[in-house]
Amino acid sequence: MIIVMKADLPPESPDLKQVLALAESYPGITTQVHRIQGATRSLTEVYLVGPTGVVPEAPFAEFECVEKVVRITQRFRSIGRHDGGLEAVGFEYNGVHISQDTFHVFPGLCAVDNRENVEKVFALLKRHGIVTTRAGAYKPRTSPYDFQGHGSSCLPFVFDLAGKYGIKIIAMEVTHESHIDEIRKALQESGNATGVMLQIGTRNAQNFELLKHVGQQTDLPVLFKRGMGVTLEESLNACEYIASGGNRRIVFCLRGVKTHLADPHRNFVDFAHVPVVKRLTRLPVCVDPSHSVGRRSAGPEGLLDIFHVTAQGVITGANLVLIDVHPKPESALCDGPQALLLEELPHFLEDVAISRRAYEERRKRASAPAAATA
Ligand code: PEP
Ligand code: MN
C-alpha cells in the first residue's frame, strides 16, 4: 500500500509522523518514506511493507495531509503505476529535471579515448546549450582483446572538463560494483564538478547482484538498458531490483533487441515500447538509436537510419536520447561505425526538435480531441 501525501509536505510534519505511527501500529507493518523532488513541487510517499492485506485504507484517507491511498498490484511493485493510481513525477538530479514529461538529448562518446576528444565533444555541447552527455569509461566488450575502456584513470579529466563546460549529467556504464565507488570518489575529488547517472548495459540487465548494488545507493540515478535477449517484462522486473533496493531515480532505456531479423541493423528497433513502458511504469524512457542501428547507412533522401529511428522514439514520447558522437569515428576505439560526426550534431538536434514538436502537438490533440477537431 502506498500513501501519497499532499504536495510540498515538510519532512518534519507532525501529520506525517501520525500517519507513520498509525501504519506501524498494524502487526508486521514497517514503513519507508520516499521524497520525490519535482521541478515545481516535492512529493512524499509512504510505502507500507508487510502484510498490508488486512490494513484498511479509510483511516489514512481521513488525514488532512493525505492525497490518496493506493493499493499496489503485484506487478512492478516499486516502479509500476498500479492501475493508474500513481502519477509519474520523475526526479531532479544536479539541477536537471527528468520525468515522463521532460526531454533531454545525451550526445557523447561511446568510450572515452583521450582528453582532446572529450574536450571537443563537451565544447560542442556547450555551444548548443546541452548539459547532458554520455561517456564510457568501463566498456563491456564481446571480445577480451578489444579496448576495455580506460576505467578510473580517465575519470579525473572527464569530470574536470565536464565542470569546465557546464555538463550536469554524464551517463556512464558500470560493469562491477567497485566502479560505483571509483566514480563517487573521483566525483568528490573533482569537487562534484558534474553528476553521473550510472548506466547498466544490456549485457548486465540481469546481473542481479550489480542491480542490487546500484539500487542500494541513492546518490546517483540509474539508466537501465533493457536486456537485448529477454522480454520487456523481464527487463522491467530487473528494474524492480534497483527500485526495491531504495533507489527510485531510474530511467528505462530501449536500445533494440538482438535477432538476425534486424539485419542490416545491429539490433531490432523496439521503440514501439516507449508508450508501453510509460503506461506500465512511472519511469522516464530513454531511446538509444546508435546501439540499435549500429551503422551510418542512410535512406535515399539522405537522412541516416539513426535519424529515422530516433524520430520513431521521440515522436512517441521518449524523454531522453542517448546518441554516440565522435570527432573522428574512423579512429574511435569502440563503436566508431555508428557514431555521428561532430558536424552532424546540429542537423541531428534540429531533426530531433521536429519530432519532439510533433509529439507535443499529438499529445495536445489527444488530451483535447474536441477542441482539436473543432
Ligand atoms: C553503450 O551504451 O555504450 C552500450 C554498451 O550499450 P548497450 O549496453 O545497450 O549495448
Ligand atoms: Mn557502444
Candidates Glu301, Glu67, Glu209: whichever shows maximal mean-square fluctuation once the chain is modelled as a Gaussian network with Cα springs under 10 Å | Glu301
Placing +1 on each Lys and Arg Cβ and -1 on each Asp and Glu Cβ in the chain, then taking the dipole about the Cα centre, the residue among Val69, Val230, Pro51 whose Cα reaches farthest towards the positive end is Val230
Mean Cβ neighbour count within 10 Å, used as a protection proxy, ranking 23-36, 103-116 highest first = 103-116, 23-36
Listed here are the pairs Lys185/Lys258; Lys258/Lys278; Lys120/Lys185; Lys17/Lys278; which of them are more than 28 Å apart at the Cα?
-> Lys185/Lys258; Lys17/Lys278
Which of Leu280, Cys239, Gly336 sits closest to the plus end of the dipole of the chain, meaning its Cα is farthest towards the positive end, when Lys and Arg get +1 and Asp and Glu get -1 on the C-beta?
-> Leu280
The residues Lys17, Lys139, sorted from fewest to most surrounding Cβ atoms within 10 Å, come out as Lys17, Lys139
What's the Cα-based Rg to Rh of the stretch 175-289, Rh via Kirkwood?
-> 1.00
When DSSP assigns beta bridges and you keep just the ones with both residues in the stretch 249-374, what percent turn out antiparallel, to the nearest 5?
-> 20 percent
May I ask you to derive the relative contact order of the stretch 202-252, considering only C-alpha pairs under 8 Å and at least 6 residues apart, and to give it as an integer percent?
-> 48 percent
For the stretch 108-177, with only Lys/Arg (+1) and Asp/Glu (-1) charged at the beta-carbon, what is the dipole magnitude about the Cα centre, in debye rounded to 20?
-> 300 debye
Counting only DSSP beta bridges with both partners in the chain, the antiparallel fraction in percent, to the nearest 5, comes to 45 percent
Helix 345-367 sits off the longest principal axis of the Cα atoms of the chain, rounded to the nearest 10 on a 0 to 90 degree scale, by 30 degrees
Mean separation of Cα contacts under 8 Å, 6 or more apart, over the residue count of the stretch 223-291: relative contact order % | 31 percent
Whole number please: convex hull volume per residue, Cα atoms of the stretch 230-374, in Å³.
-> 152 Å³
Dipole size in debye (nearest 20) for the stretch 210-312 around its Cα centre, Lys and Arg Cβ +1, Asp and Glu Cβ -1?
-> 220 debye
Provide the packing ranking of 231-238, 283-290, 162-169, 186-193, i.e. peptides ordered by the mean count of other C-beta atoms within 10 Å per residue, highest first.
-> 283-290, 162-169, 231-238, 186-193
Based on Cβ point charges of +1 for Lys and Arg and -1 for Asp and Glu, what charge dipole magnitude is obtained for the stretch 5-82 about its Cα centre, in debye rounded to the nearest 20?
-> 440 debye
In percent, how large is the relative contact order of the stretch 305-353, given Cα pairs closer than 8 Å and 6 or more residues apart?
-> 38 percent
re the chain: pairs of Cα atoms spaced beyond 25 Å account for a percent value of 56 percent
Taking only Cα atoms and a 10 Å spring cutoff, compute GNM fluctuations for the chain and point out the largest among Ala171, Ala272, Ala339.
-> Ala272
By the C-alpha gyration tensor axes a ≥ b ≥ c (rounded if a/c is under 1.5, else prolate when a/b exceeds b/c, else oblate), the shape of the stretch 163-225 is prolate
Rounded, prolate or oblate: which one fits the stretch 99-244, using the alpha carbon gyration tensor with axes a ≥ b ≥ c (rounded when a/c is under 1.5, else prolate when a/b beats b/c, else oblate)?
-> prolate
From the square roots a ≥ b ≥ c of the eigenvalues of the alpha-carbon gyration tensor of the stretch 90-136, which class results: rounded (a/c under 1.5), prolate (a/b over b/c), or oblate?
-> prolate
May I ask for the angle, rounded to the nearest 10°, between helix 232-244 and the longest principal axis of the chain, with both axes built from Cα atoms and the value confined to 0 to 90°?
-> 60 degrees
Of all DSSP beta bridges located in the stretch 146-245, what percent are antiparallel, nearest 5?
-> 0 percent
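Each reported figure results from applying straightforward, stated rules to the coordinates on display, with no laboratory input. Keep in mind that what you see is a predicted model, and the values were worked out from it rather than measured. So basically every Cβ, Gly included, is an ideal-geometry build from the backbone, and we count neighbours across all protein chains shown.
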